[in-house]
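Data block below; observations after.
The values are calculated or read from the model by the stated rules, or taken from the named source; none is laboratory data. The model shown is predicted, which means the values in this text are computed figures rather than measured ones. All Cβ positions, glycine included, derive from the backbone under ideal geometry; neighbour counts span all protein chains shown.
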Amino acid sequence: MRQLFLLTLLGLLSQAAFAVAADAAVVVPDAGYLAELKQQAHERRLDHAPMWQRLLHYRPSSWPGGVESTVDFPQFFLAADGKHDPRAELDTTLDSFFGEGQREGEPAQCRAKARYEWLKNELAFDSRRLPEQVCERFDEWLRGLDAAALAVVFASNDLYSPSSMFGHTLLRVDAHGQGGDDRLLAYAVNYAANTGEQNGLTYAVRGLGGSYAGTFSIYPYYEKVKEYARFEHRDLWEYPLQLDHAAVQRLLRHLWELRGVEFDYYFFTENCSYQLLSLLEVARPDLRLVGRFDGGVPYAIPIDTVRELRRQHLLGAPVYRAALAQQLRYRLQRMPRADREWAVAYARGDAGFDDSRFARAEPAARTRMLETAQDELYFLFRSGAVQRESGIRRSREALVARSRIAEPADFEAVPRPAFSPDEGHGSGRFGLGLRNDGADSAALLRIRPAYHDRLDPPAGYLAGGELEFFDLGLLADEQGVDLDSLRLLSVQAVSPRDVAFRPWSWQASAGVRRSALPTLRAGGSLGAYADGGGGLAWAPVVGVQTYGFAFVEVDVNRDRGQGYALAGGLRAGVSAQWSTRWTQQLELDALSDLAGGAMDVMRLRWGAQWQFIPTQGLRLQLAGAQTKDSDDGSAELIWLHYF
């Protein structure tokens with residue numbers, strides 16, 4: 001019996017030893033197989049393959065034939081010079097797949113999941129010679145997303161926020177079975193600069209120079225809806241992406257690799273839209289989306305990238321999600337006057353439940369009045385017009401009153417605008433025309449990369465908003481070509497006041513010019529200028545905005561008596577978008593001398609544009625200026641092409 005026990009024990013120990021030896025063989029690197037894979041990769045030039053270049057975010061560098069990754073996070077690369085050397089990065093990546101070590105708590109096969117899956121497919125890994133590691137964290141993350149489809153979400157531009165002046169794009173990851181409002185429970189993939197910055201001017205300057213780090217992050221989609229549609233009054237447009245399951249999985253595997261990875265964030269180029277396109281290039285290797293910026297278009301504007309995806313037939317019909325502010329305006333417009341007035345008065349603390357307008361209303365009307373008052377109260381609190389203590393008290397009392405009424409509010413949904421943002425005119429604009437100042441004429445050339453002024457076709461853009469960057473004007477006659485003006489920045493946020501909202505409007509512009517009045521060569525020397533101010537605006541009828549600003553203007557020009565001129569005064573204007581093809585604008589400036597070589601002046605500008613086809617327009621502008629010593633004027637007729 002004792003001998004039988006010893007024999008059994010020896011057998012069990014030999015089996016255990018054999019198993020340990022077998023397991024040890026699994027993790028011992030197969031140097032011969034690694035060499036075979038590298039040789040095969042070199043022969044097939046996989047380091048030059050478009051997919052490898054995209055997985056590492058390589059772009060042409062300033063050195064002829066060289067590349068450089070846009071990733072600015074050393075830990076993303078496995079090779080010491082992986083940022084500039086695709087071949088070294090590929091070789092080191094293959095080395096890591098055979099190693100026993102871990103990166104950030106994961107095997108290399110899992111941390112570099114997208115690279116591993118692509119190389120596995122290209123080189124047909126033999127699982128006996130290169131065993132596949134179990135990626136528990138990745139698998140759990142992927143199961144949690146339960147991704148069935150993706151959508152591009154465009155948040156409309158916000159002229160009150162430098163980071164969102166051109167709008168914003170992000171991805172939504174829809175799970176299986178999610179539809180309609182259930183998509184609020186989906187996840188959003190967002191790329192943004194990590195600023196911690198409250199000062200808008202500082203953000204703009206540093207964002208232009210790439211001084212911020214940008215990263216990808218994932219949030220519940222309802223958090224982004226709350227941020228944009230509720231807090232910032234921005235409409236959302238949700239475009240479903242036409243991607244199959246394999247493409248969605250490729251994108252998510254790459255997103256897993258980009259956790260915590262930093263890129264230098266550039267406001268005009270490597271921004272949210274640029275990085276979104278880089279993700280989609282990984283999902284669909286046959287697409288060329290980011291390449292258009294390599295030596296081509298030097299800027300990436302969110303809505304232009306949406307248009308590019310539309311052009312590539314990647315987008316379905318968009319779903320419109322109105323901002324809460326739009327919903328409130330629409331409700332108030334459709335309510336009877338007495339109901340509307342009570343709702344606003346209650347929110348402002350000027351009416352109560354004993355008011356006859358509320359007390360005599362039918363239950364269904366009371367429901368609408370209470371819910372509208374609650375939303376108005378929220379916006380007043382957000383704007384600082386209502387103190388927290390009194391606001392909470394009125395909100396609680398309105399909720400209690402609402403709970404006693406069984407009838408639903410039955411609000412109508414805000415109708416979808418006639419045009420989605422991607423259906424608007426191209427952000428770029430080129431113009432050729434003629435200018436005459438009564439004595440001389442000259443040919444005029446204008447080019448503007450971005451974005452929109454109030455005479456541009458209004459479809460798809462914010463009514464009354466104006467945002468232009470780097471608007472260049474050249475004059476040409478028999479004497480040659482001269483720079484007429486370069487408008488570096490021009491912003492006018494004309495936000496009409498109404499019964500629910502009382503925003504301030506504002507304007508700012510800066511650049512170089514020969515004269516504040518569009519003249520010819522006689523206008524004098526080039527000089528720098530800047531102006532800015534604030535005021536109020538109203539919309540008396542749909543498609544018309546009236547506005548007034550108090551503003552100051554400074555010119556630095558050697559033609560001025562003291563080399564500069566500082567003036568202040570008022571600007572009044574009216575702009576009208578009569579249709580998608582016909583716009584007009586009239587502005588009057590009255591300025592008084594404050595310092596330097598300034599003088600009292602009255603300036604009048606009128607313009608009209610006819611858009612005869614979506615990409616072509618004809619604009620007529622008249623301008624005049626009057627001082628105590630002179631009376632000048634000019635006229636321009638210019639053909640415009642949008643791209």
Search result, residues across the range 50-69 that are touching an Asp or Glu at 6+ places or on another chain (Cβ under 9 Å) and over 15 Å from ASP85 (Cβ atoms) = PRO50, MET51, ARG54, SER62
message = Six or more apart or on different chains, Cβ atoms under 7 Å: show the pairs whose first residue is in the range 548-564 and touching a residue at least 24 places away in the same chain (Cβ under 8 Å) and whose second is in a strand (DSSP E or B) and exposed (fewer than 15 other Cβ atoms within 10 Å of the Cβ).
response = GLY548/ALA572; PHE549/GLY534
query = From ALA338, ALA343, which residue is surrounded by fewer than 18 Cβ atoms within 10 Å (Cβ to Cβ), assigned to a helix (DSSP H, G or I) and modelled with pLDDT of 95 or more?
reply = ALA338
key: Pick from the range 604-637, criterion exposed (fewer than 15 other Cβ atoms within 10 Å of the Cβ) and among the charged types (D, E, K, R), ranking: nearest to SER515 (Cα to Cα)   = ASP631
ask   = Looking at the range 527-571, which of the residues that are over 34 Å from the mean Cα position of the chain (by Cα) and outside any strand (DSSP E or B) is farthest from SER592 (Cα to Cα)?
value = ARG558
ask   = Just for the range 426-449: of the residues that are hydrophobic (A, V, I, L, M, F, W, C) and crowded, with 19+ Cβ neighbours inside 10 Å, which one is nearest to ALA155 (Cα to Cα)?
value = LEU444
task = State which residue is farthest from THR93 (Cα to Cα) when the search covers only the range 106-125 and only residues that are charged (D, E, K, R) and part of a helix (DSSP H, G or I).
result = GLU122
request  = May I ask you to verify whether GLU106 is out of contact with any helix residue (DSSP H, G or I) (no Cβ under 7 Å at 6 or more places or on another chain) and free of Cβ contacts under 8 Å to residues at least 40 places away in the same chain?
outcome  = no
inquiry  = Being touching a helix residue (DSSP H, G or I) at 6+ places or on another chain (Cβ under 7 Å) and more than 24 Å from GLN626 (Cβ to Cβ): is that true of ALA450 here?
reply    = no
query = How many residues are more than 20 Å from the chain's Cα centre (by Cα) and aliphatic (A, V, I, L, M) if we restrict to the range 445-487?
reply = 10
Yes/no for ARG435 being in contact (Cβ under 8 Å) with a residue 60 or more places away in the chain and assigned to a helix (DSSP H, G or I) = no
message = Based on this model, can you work out whether ALA608 counts as assigned by TED's automatic domain parsing to the domain that holds VAL552 and under 22 Å from ARG558 (Cβ atoms)?
response = no
task = Tell me which of these ARG259 doesn't satisfy, since it passes every other one: (1) modelled with pLDDT of 90 or more; (2) farther than 20 Å from TYR451 by Cα; (3) assigned to a helix (DSSP H, G or I).
result = (3)
